[in-house]
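The values are calculated or read from the model by the stated rules, or taken from the named source; none is laboratory data. Since we're looking at a predicted model, the values are computed, not measured. Here the Cβ is made from the backbone with ideal geometry for all residues, glycine too, and neighbour counts use every protein chain on show. Quick note on the areas: whole protein, heavy atoms, side chains included, nothing else; ligands and nucleic acids left out. Shrake-Rupley method; radii C 1.70, N 1.55, O 1.52, S 1.80 Å.
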Amino acid sequence: MSVLKGKHIVLGITGGIAAYKSASLLRLFVRAGAEVQVVMTPSAREFITPVTLSALSGKPVVSEFFTANTGEWHSHVDLGLWADAMVIAPATACTIAKMANGVADNMLVTTYLSAREPVFVAPAMDLDMMAHPSTLRNLDLLRSYGNHVIEPAEGELASHLVGKGRMEEPEGIFRYLEEYFERRVAVENSPLKGRKVLITGGPTVERIDPVRFISNFSTGKMAFAMADEAARRGAEVTVVAGPTVAVPADSRVRVVRVESALEMLDACRREFPASDVAVMCAAVADYRVANPASAKIKREGHEPPHLELVANPDIAATLGAEKRPGQILVGFALETDNGPANAMGKMERKNLDMVVLNSLADKGAGFSTDTNRVSIFRRGVVEPLVFPLKPKTEVAADILNVIETL
Ligand code: C5P
């Protein structure tokens, strides 16, 4: 049974050539058991007739504030409240611009402004319009309001004659909504609800003198993506983070700031006993300077200094040794070669329950990128779970899904 059964969907249709595909999308929703109310912009009626749409949805189509002959008032507020989701497909550059700026001069945009539940937007326009900075900016604005912008995948575009700007196929839009609501159900029923989750993230900074340091390129993006996702699932999340520009998006996430590996270890040892799950995402510097200078090291008249390095403690291994039954400890491994063997080795050595392996050899994976490609190794399971290249936010969801099964 589809997760969309019984859902109330407002299907907004605007005046683009792709409007003919809205009928197929509507049919998919109706077949899945959803109740659909179509709202059209006036120009959409030039592309597809309301009769077709009302026949398919079993409801009169709304496109004006008043019904012409009876003067009956259509309440956008009621529609907005009624909706479990609003889908605008196709969404023209004009409607996207109006939505981005709150120009409520038709029933569709007015309903959009009243909608409390998630809004899904499938842009459809010609290539140049899609590439125009104003369209890109408006789409970014919609994303920043939390709306979902659904576009064909890059790879898919290459295999079609038409390029960017083509509306995602009705099946793709339908699947997107199904996946969204499936995920929402999973999040609502998450075993992480009420659990305490500790995450380390970012680099550590090891001082050479008061102005110079040894560090690495970690941005903390993966750790904060995990933290946001765990918070969304109802967990009580603490991130122990080295210096990063990135911050968590979710204000419920508690952040404990540290600088060096030793400080990170201290903070983790304080937090770990009360944690149910700990995810070691930080890129901890392996070495620190044995005797950092208390004053700035001078260049003039000095030979280049020799830095004496000493090993930092392994935070994951320390927590692994202190782990109680029932606590779950997850590590990351970033390898350039022999990934799987090293990942399994780390699991043993550090007493981890799971290792997330990402390979620097993969384009788009690792530091600084917004995407990552991971394989997940679980204790006692030979075969890893292999995931494709995805945004770090989705990788975070995949990792937590696996943690939930442990
Ligand atoms: O041994 P390696 O540094 O490759 O292990 C990576 C994993 O161990 C990561 O989960 C990382 O956060 C953790 N780690 C740590 N403390 C260190 C080094 C690594 O917690 N000093």
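Each residue in segment 213-254 was checked for being in contact (Cβ under 8 Å) with a residue 60 or more places away in the chain and polar (S, T, N, Q), and 4 of them qualify. When the residues of segment 288-300 are filtered to those that are open to solvent by less than 90 Å² (accessible area, probe 1.4 Å) and not charged (D, E, K, R), the one that is nearest to the chain's Cα centre (by Cα) is 289.
The residue of segment 162-185 that is most open to solvent (accessible area, probe 1.4 Å), among those that are closer than 17 Å to residue 7 by Cα and among the aliphatic types (A, V, I, L, M), is 185.
Go through segment 291-326 and give me each residue that's within 16 Å of the ligand (Cβ to nearest atom) and either charged (D, E, K, R) or out of contact with any helix residue (DSSP H, G or I) (no Cβ under 7 Å at 6 or more places or on another chain) (or both).
If the condition is that a residue be within 16 Å of the ligand (Cβ to nearest atom) and either charged (D, E, K, R) or out of contact with any helix residue (DSSP H, G or I) (no Cβ under 7 Å at 6 or more places or on another chain) (or both), then 309, 310, 311, 314, 316, 320, 321, 322, 323 are the ones that fit.
All of 341, 283, 316, 321 fail the test of being open to solvent by 80 Å² or more (accessible area, probe 1.4 Å), on the phi < 0 side of the Ramachandran plot and small (Gly, Ala, Ser), apart from 321. When residue 233 is tested against (1) touching a helix residue (DSSP H, G or I) at 6+ places or on another chain (Cβ under 6 Å); (2) within 16 Å of the ligand (Cβ to nearest atom), exactly one condition is not met: (2).
Filtering segment 104-125 to residues that are under 20 Å from residue 46 (Cβ atoms), open to solvent by 10 Å² or more (accessible area, probe 1.4 Å) and free of Cβ contacts under 8 Å to residues at least 60 places away in the same chain leaves only 105. Taken over segment 177-205, the criterion of being touching a Lys or Arg at 6+ places or on another chain (Cβ under 9 Å) and closer than 18 Å to residue 120 by Cα is satisfied by 177, 181. Could you check, for segment 196-203, whether at least one of its residues is of a type outside the set (Phe, Trp, Tyr) and open to solvent by 20 Å² or more (accessible area, probe 1.4 Å)? Checked segment 196-203: at least one residue is of a type outside the set (Phe, Trp, Tyr) and open to solvent by 20 Å² or more (accessible area, probe 1.4 Å). Restricting attention to segment 212-250 and to residues that are under 19 Å from residue 394 (Cα atoms) and among the hydroxyl-bearing types (Ser, Thr, Tyr), the residue that is most open to solvent (accessible area, probe 1.4 Å) turns out to be 219.
Taking every residue in segment 72-90 that is closer than 12 Å to residue 12 by Cα and pairing it with any residue that is outside any loop (DSSP other than H, G, I, E, B) and modelled with pLDDT under 90, at least 6 positions away or on another chain, the pairs with Cβ-Cβ distances below 8 Å are 86/80. Of all residues in segment 312-329, those that are among the polar types (S, T, N, Q) have Cβ atoms under 9 Å from Cβ atoms of residues that are open to solvent by less than 30 Å² (accessible area, probe 1.4 Å) and outside any helix (DSSP H, G or I), 6 or more apart or on another chain, in 312/204; 312/206; 312/260; 312/285; 327/275; 327/277; 327/278.
Of the set (1) farther than 20 Å from residue 198 by Cβ; (2) of a type in the set (A, V, I, L, M); (3) over 20 Å from the mean Cα position of the chain (by Cα), all apply to residue 319 but (1).
Tallying residues that are open to solvent by less than 70 Å² (accessible area, probe 1.4 Å), at pLDDT 90 or above and either closer than 16 Å to residue 398 by Cβ or not basic (Lys, Arg) (or both) within segment 345-373 yields 9. Entry remark, segment 183-238: residues being modelled with pLDDT of 95 or more and of a type in the set (Phe, Trp, Tyr) number 2 in total. Within segment 374-384, the only residue that satisfies the criterion of being in a strand (DSSP E or B) and open to solvent by 40 Å² or more (accessible area, probe 1.4 Å) is 378.
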